[in-house]
Every structure is written in C-alpha cells, then in structure tokens.
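Input: a single structure, listed below in structure tokens.
The values are calculated or read from the model by the stated rules, or taken from the named source; none is laboratory data. What you see is a predicted model; the values in this text were computed from it and never measured. When we count neighbours, we look across all protein chains shown, and the Cβ atoms used for this are built from the backbone with ideal geometry, even at glycine.
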Amino acid sequence: MRDTWGERAAEGAAPFGIAEVTGVSMVPTLLHGDQLLVRYGARLTPGCVAVLRHPLQQDLLVVKRLVERRDGGWWVLGDNPDAEGDSRVFGAVPPELVLGRVLARYRPVTPGRQRSVGVLASWLFSAVRPVASRRLRAR
C-alpha cells in the first residue's frame, strides 16, 4: 500500500489522507489500484477497515479488517481468505500501529476500458463507495 499523507497524519499534521491499495488481500471489498480516503486517529471498532503498520516490517503500510481486540492488540484479517499476510501470520497488531480507519474507496477509471455507455454508467455508479463495517463471520 502506498500512503501519500500517512507519515504527516500520524504525526498530527493532517486528519485525513489518501492511500492506494496494492495486492489482493482485501478482495472483493478493495481491489488493486483502489484509492482510499483514510481518517487518521479515528475511533476504531470491530469490523472496520483500517490502515496499519505491518508489525514485522513497520515501514510497510497494510490495509486489513479489524476483527476483535485481543491481548496485545487488534486481530486483523484480509477479506480474501486465500491471501496471506494478516494476524494468522503475525498475531495481534499493537494499537499504536493502527493508524486510521478507511472511510471510502475510489475506483479510478481504467484507460481504454470504459467504451460503452452501459459500462461507463456502471463505473459512475460504483466508483466511489463508503467502506462500511460488515458483519463478521467466524472462519
């Protein structure tokens, strides 16, 4: 994940930031290339999608769904059960590594793909969506 304002926001300079999704760990909720509106320092609840520092590689930012509070921090999972790189690998994430809550995603136009009126209308309808909490199911 690439974060354009995250460093400054973590230091208190800006409450909002933009991040770009790379990878498939949050499919189908988020796709590779999606842009995210992030609220740094927001109230976190189970089920919300958050931007956090990877506990084993803290210069790497990741986006995951917060499942529950456990001893030691947040248990986080990706929405794609086949992708690795969540708490099943690195355990609970300390609260100080959870930077902010994802409020919305913007799916950019793919050049050359929006050719028909129907496809363009479909893109317009789905390009900007809030990233809401969802009911969690045990896996």
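Tabulated data for the structure shown
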{"read-out": "Region 29-54: number of residues that are out of contact with any Gly (no Cβ under 7 Å at 6 or more places or on another chain) and assigned to a loop (DSSP other than H, G, I, E, B)", "value": "11"}
{"read-out": "Meets criteria (assigned to a loop (DSSP other than H, G, I, E, B) and not aliphatic (A, V, I, L, M)) for D59", "value": "no"}
{"read-out": "Filter result (within 12 Å of the chain's Cα centre (by Cα) and farther than 13 Å from G17 by Cα) within region 38-51", "value": "G47, C48, V49"}
{"read-out": "Subset of region 27-69 [surrounded by fewer than 19 Cβ atoms within 10 Å (Cβ to Cβ), farther than 16 Å from A92 by Cα and of a type in the set (D, E)]", "value": "D59"}
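For (1) farther than 14 Å from V131 by Cβ; (2) modelled with pLDDT under 90; (3) basic (K, R), each residue gets a yes or a no:
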residue: Q35; (1), (2), (3): no, no, no
residue: R65; (1), (2), (3): no, no, yes
residue: E84; (1), (2), (3): yes, yes, no
residue: G91; (1), (2), (3): yes, no, no
residue: V102; (1), (2), (3): no, no, no
